[in-house]
Amino acid sequence: MNIDFKKYNDGLVPAIIQDNTSNKVLMLGYMNEEAFLKTNQSKKVTFFSRSKQRLWTKGEESGNFLNLVSIAVDCDNDALLIKVNPIGPVCHKGTDTCWQEENVSDFGFLSELENIIQNRKENAENEDSYVSSLFRKGINKIAQKVGEEAVEVVIEAKDNNDELFLGESADLLFHYLILLQAKGFTLSNVEKILRKRHKQE
């Protein structure tokens, strides 16, 4: 790996720290060549602290280490992307990330949809929406809808109309997200189980 430490006058290259599981950006630090070598050797991310003016292994005092998974250098060889498995909160203020974000997986639009469904659930008595009406009818009705949509997916899977199949698949996923919320869970809970099963294989 060719890293251009000499590009900067202080010999420090920026190191973006990313959670290997959730893909959340956790923090930004700086590494000189010695910190880079120690990180590779110890498998715990080590920076050069500009305030302490010495090598600093994240977690050396708190125990909240950043266990190394991989290091990639950018196209100009002057910035690092380091994927880690963090132990505990990353920020010195006690938050998951240095941007005060919760370190959970982001499923793109599905996460946005989950947030909308959660809002409809929390305001079920006041919201005039299809989702709120399902929450008002209770878990049995929601579970029934998931069953109905699952049957529709199976029926369309046996046909050759891809548009109908995808439409029913979207309906099934949508109602499944509602059922998860009704039971107090999210996609992240399901993801954790799938990841655990994958590691056991």
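Every number in this text was worked out from the coordinates using simple rules, so none of it is lab data. This structure is a prediction, so every number in the text was calculated from the model and none was measured. In this analysis, Cβ positions are derived from the backbone assuming ideal geometry, glycine residues included, and neighbour counts consider all displayed protein chains.
Data table
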read-out: Unique residue being under 30 Å from Val25 (Cα atoms), in contact with a Lys or Arg (Cβ under 8 Å, 6 or more places away or on another chain) and among the hydrophobic types (A, V, I, L, M, F, W, C) when the list is Ile193, Ile139, Ile117, Ile178; value: Ile178
read-out: Qualifying position, being of a type outside the set (Ser, Thr, Tyr) and in a loop (DSSP other than H, G, I, E, B), among Ile3, Ile16; value: Ile3
read-out: Top-ranked residue in the stretch 38-77 [being of a type in the set (A, V, I, L, M, F, W, C) and exposed (fewer than 13 other Cβ atoms within 10 Å of the Cβ); ranked as farthest from Ile16 (Cα to Cα)]; value: Cys75
